[in-house]
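So the structure is just underneath, and the comments pick up after that.
The values are calculated or read from the model by the stated rules, or taken from the named source; none is laboratory data. Remember, it's a predicted structure, so these values are computed and weren't measured experimentally. Neighbour counts run over all protein chains shown; Cβ positions are idealised from the backbone, glycine included. To get the accessible areas, we keep the full protein, side chains included, count just its heavy atoms, and leave off ligands, DNA and RNA. Shrake-Rupley method; radii C 1.70, N 1.55, O 1.52, S 1.80 Å.
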Amino acid sequence: MTEPCDVAIVGYGPVGQTLAILLGQRGRSVVVLEKQPAAYPLPRAVHFDDEIARILQAAGVGAELPRLTEPALVYEWRNAAGETLLRIGRGGMGLSGWPDSSMFSQPDLERVLDARAQALPTVRVRRGCEVVDLRSDSTGIELAVARADGHRETVRARWVVGCDGANSFVRPYLGATVTDLGFFFDWLIVDLVPFERRVWDPLNWQLCDPARPTTVVSGGPGRRRWEFMRLPGESLADLNTEATAWRLLRPWGFDPGNATLERHAVYTFQARWVDRWRAGRLLLAGDAAHQMPPFAGQGMCSGLRDAANLGWKLDLVLAEQASDAILDTYASERIPQVRQVIDFSIELGKVICVADPAEAAARDAAMTAAARETGLTPPLPTPAIGRGLLAEGDPLAGRLVVQGVVRRGQALGRFDDVVGGGFVLLSAAGDPTRCLPAPLAAFFASVGGVGAHVGPGAPVDDVEGRYARWFAAHPVGAVLQRPDFHVFGTARDIEETPDLVAQLQRVLAAGGGR
Ligand SMILES: Cc1cc2nc3c(=O)[nH]c(=O)nc-3n(C[C@H](O)[C@H](O)[C@H](O)COP(=O)(O)OP(=O)(O)OC[C@H]3O[C@@H](n4cnc5c(N)ncnc54)[C@H](O)[C@@H]3O)c2cc1C
């Protein structure tokens, strides 16, 4: 038997890729097993938000994002008469230091993530390797692998993460139950590459026309995506043809003479999640753990949040710097958050998935009345993580920390690139690590912690004033940021930082927080 790897990842979609990178960057030995011999070449996800861009930045592909994406300012919802029912747009730069909304093509992103993963010396990506059995014991898990060349082999790992998508093979091994909200609608997805570029205004919108509910969005630079809902009485076979795709595109001014049809496919959108994301040494992430209708563009985003939440916790457990009980906080933090995102996606779905004219008229009247009261752009939910590895009783714990552009010495760029990721102690009043007594400073350094005195003119110069504004809005003396950019906790005063770090030390040893 060869040495077990630290982590075996089953499935090499965007979630498996990101997790492999986040672990590989920390020097963990990772084997990724992917049953398909080649990458899935066709588009699926087209949108991610600013937090996801920051996670991709942490995965070392931030420099590629401007080339791969186009920012979207507004996402408009119009009725059949062309009246705006809803306008989702937060406009510009998000809290995490990237555009609020970025449009992209999933195969392009996966190519970039693949190159990054393959460049890491401790990550091995093995395509054409289907996991067909799992056997756990007290020290690890054995994965039975059926190779595309007909051979069988065994891989041994200390931890296994199933990132194996909606039809997860790994999921049943956790003994988990699936909660399904029964929100099923069939949509024809059509991806187009127009021969000529044109300006789309709005870039992204929903036509809430009961005669054919339709999504019209960017598919990333140079690409457009249409999604057409299946109407009552329409058969899947009739809908899912190239001829139907062109017929439905014609009113939008497209035909084979001015665009290439990249693909067409019918998807049944679902809303479901798994109640258990860990059983012993086995974990789940991404579509294997949750699926949602794509109206909020959050399916892949949710999976990347899983990877960001799990990566550093697994690393600390493997380094024996934390009890493995901290892995239970992965689900306790992420499930409540993903449920809120699923609920929001369904609420949006209920607006568009209406094929009955009377129902659509009632919806239009209700939404127009609501818009008169509260405006067309209602406040968006900001789904927060649940209880977990957080400081006790701190109202800011679990919120995201801002990222801005900073200068330190000659280096100018986004904070994470200039100062680094991992645990970060930030303060506008000085470097909080200077307040730590030697044993706490040694502990903090051992978990990769760094300090930053950030502010206009400070050693970490807040060139855009984003940190000054954040500290003005949250009057605390210091904040301890986790490696996934959430607040672990705050100190009223920079001198109280030792209590905060001592709390982190206790929580890592005990395996949980509030
Ligand atoms: C039409 C559509 C639009 C969408 N739009 C958006 C959007 O705008 N924004 C967004 O965030 N999300 C969106 N999504 C969702 C997004 O595409 C998925 O959430 C994302 O691809 C899931 O990634 P994953 O890595 O979890 O799973 P997948 O990408 O499905 O990867 C799972 C991998 O596991 C492999 N595998 C399975 N079983 C085994 C096995 N036994 N052994 C080895 N390998 C195995 C599979 O071959 C596959 O490669 C959209 C989805 C669709 C369909």
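Tallying residues that are farther than 25 Å from Cys5 by Cα and either part of a loop (DSSP other than H, G, I, E, B) or of a type outside the set (Phe, Trp, Tyr) (or both) within the range 32-60 yields 15. When every residue of the range 411-432 is checked against the conditions, at least one turns out to be part of a strand (DSSP E or B), touching a Leu at 6+ places or on another chain (Cβ under 7 Å), at pLDDT 95 or above and open to solvent by less than 60 Å² (accessible area, probe 1.4 Å).
Would you pick out the residues in the range 165-206 that are open to solvent by 50 Å² or more (accessible area, probe 1.4 Å), over 18 Å from Leu261 (Cβ atoms) and of a type in the set (Asp, Glu)? Scanning the range 165-206 gives Asp180, Asp201.
Taking the range 1-38, which residues are open to solvent by less than 60 Å² (accessible area, probe 1.4 Å), among the aliphatic types (A, V, I, L, M) and more than 8 Å from the ligand (Cβ to nearest atom)? Val7, Ala8, Ile9, Leu19, Ala20, Ile21, Leu22, Leu23, Val30, Val31, Val32 - these are the residues of the range 1-38 that are open to solvent by less than 60 Å² (accessible area, probe 1.4 Å), among the aliphatic types (A, V, I, L, M) and more than 8 Å from the ligand (Cβ to nearest atom). Of all the listed residues (Arg67, Arg87, Arg156), the sole one being more than 15 Å from the ligand (Cβ to nearest atom), of a type in the set (Lys, Arg) and closer than 30 Å to Met367 by Cβ is Arg87. Could you say whether any residue in the range 372-384 is part of a helix (DSSP H, G or I), on the phi < 0 side of the Ramachandran plot and touching a Phe, Trp or Tyr at 6+ places or on another chain (Cβ under 8 Å)? Within the range 372-384, not a single residue is part of a helix (DSSP H, G or I), on the phi < 0 side of the Ramachandran plot and touching a Phe, Trp or Tyr at 6+ places or on another chain (Cβ under 8 Å).
Quick one: Ala502 ticks every box in (1) part of a helix (DSSP H, G or I); (2) open to solvent by less than 10 Å² (accessible area, probe 1.4 Å); (3) under 24 Å from Leu310 (Cα atoms); (4) not acidic (Asp, Glu) except a single one, so which number is it? Ala502 satisfies all of (1) part of a helix (DSSP H, G or I); (2) open to solvent by less than 10 Å² (accessible area, probe 1.4 Å); (3) under 24 Å from Leu310 (Cα atoms); (4) not acidic (Asp, Glu) except (2). If we scan the range 242-253, do we find a residue that is among the aliphatic types (A, V, I, L, M), surrounded by 18 or more Cβ atoms within 10 Å (Cβ to Cβ), within 15 Å of the ligand (Cβ to nearest atom) and in contact (Cβ under 8 Å) with a residue 40 or more places away in the chain? Yes, there is a match, as at least one residue in the range 242-253 is among the aliphatic types (A, V, I, L, M), surrounded by 18 or more Cβ atoms within 10 Å (Cβ to Cβ), within 15 Å of the ligand (Cβ to nearest atom) and in contact (Cβ under 8 Å) with a residue 40 or more places away in the chain.
So which residues in the range 255-299 are closer than 30 Å to Arg198 by Cβ and among the hydroxyl-bearing types (Ser, Thr, Tyr), if there are any at all?
Thr260, Tyr267
Residue count for the range 103-155 under the criterion of being in a loop (DSSP other than H, G, I, E, B) and polar (S, T, N, Q): the result is 4.
Of note, Pro456 satisfies the criterion of being at negative phi and more than 26 Å from the chain's Cα centre (by Cα).
Does Val61 count as touching a helix residue (DSSP H, G or I) at 6+ places or on another chain (Cβ under 7 Å) and buried (at least 24 other Cβ atoms within 10 Å of the Cβ)?
no
Looking across the range 114-137 at every residue that is away from the ligand (no atom under 11 Å from the Cβ) and closer than 26 Å to Ala279 by Cα, the one that is most open to solvent (accessible area, probe 1.4 Å) is identified as Arg135. Pairing residues of the range 295-323 that are hydroxyl-bearing (Ser, Thr, Tyr) with residues that are within 13 Å of the ligand (Cβ to nearest atom) and in a helix (DSSP H, G or I), at Cβ distances under 6 Å and at least 6 apart in sequence or on separate chains, gives Ser302/Val338; Ser302/Val341. Set side by side, the residues Ala285, Ala307 differ, and just one is open to solvent by less than 10 Å² (accessible area, probe 1.4 Å), touching a Ser or Thr at 6+ places or on another chain (Cβ under 6 Å), modelled with pLDDT of 95 or more and within 11 Å of the ligand (Cβ to nearest atom), which is Ala307. For Ala63, the criteria (1) of a type in the set (A, V, I, L, M, F, W, C); (2) in a loop (DSSP other than H, G, I, E, B); (3) more than 17 Å from the chain's Cα centre (by Cα) hold in every case but one, which is (2).
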